[in-house]
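Novice: Before I ask anything, let me first share the structure, which is written out below as structure tokens.
The values are calculated or read from the model by the stated rules, or taken from the named source; none is laboratory data. The shown structure was predicted, so the numbers you read here are calculated from the model rather than taken from an experiment. Protein only, heavy atoms only, side chains kept; ligands, DNA and RNA dropped before computing areas. Shrake-Rupley method; radii C 1.70, N 1.55, O 1.52, S 1.80 Å.
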Amino acid sequence: MEYLVEIIIAVLAFAGTLFGSILANSKSQAVMQEQMKSVKEEINTLSARVDKHNNLVERMAVAENTLELQQHQIDELKADVKE
């Protein structure tokens, strides 16, 4: 009988520890999921900013090429006027 009480106490202690661990783990997972959601949103925002930047770089390259072509045309017109 004496051992039975000790076994019941041990089983109750184990059940309490197991329940506490499961509860803490599920809470930890919920917090981690919220943090991951926040990180994903930040990554999407940064990705949109990078896309805007890349678009600007492409547009500037086109503008520079156009400007260079126009400068050549101006130089040709100057040369024609001098002749």
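Novice: Can you report the number of residues in region 70-83 which are open to solvent by 100 Å² or more (accessible area, probe 1.4 Å) and hydrophobic (A, V, I, L, M, F, W, C)?
Specialist: Result for region 70-83: 2.
Novice: I'd like to check something: does region 47-64 contain any residue that is among the acidic types (Asp, Glu), at pLDDT 90 or above and under 40 Å from the mean Cα position of the chain (by Cα)?
Specialist: Yes: region 47-64 contains one or more residues that are among the acidic types (Asp, Glu), at pLDDT 90 or above and under 40 Å from the mean Cα position of the chain (by Cα).
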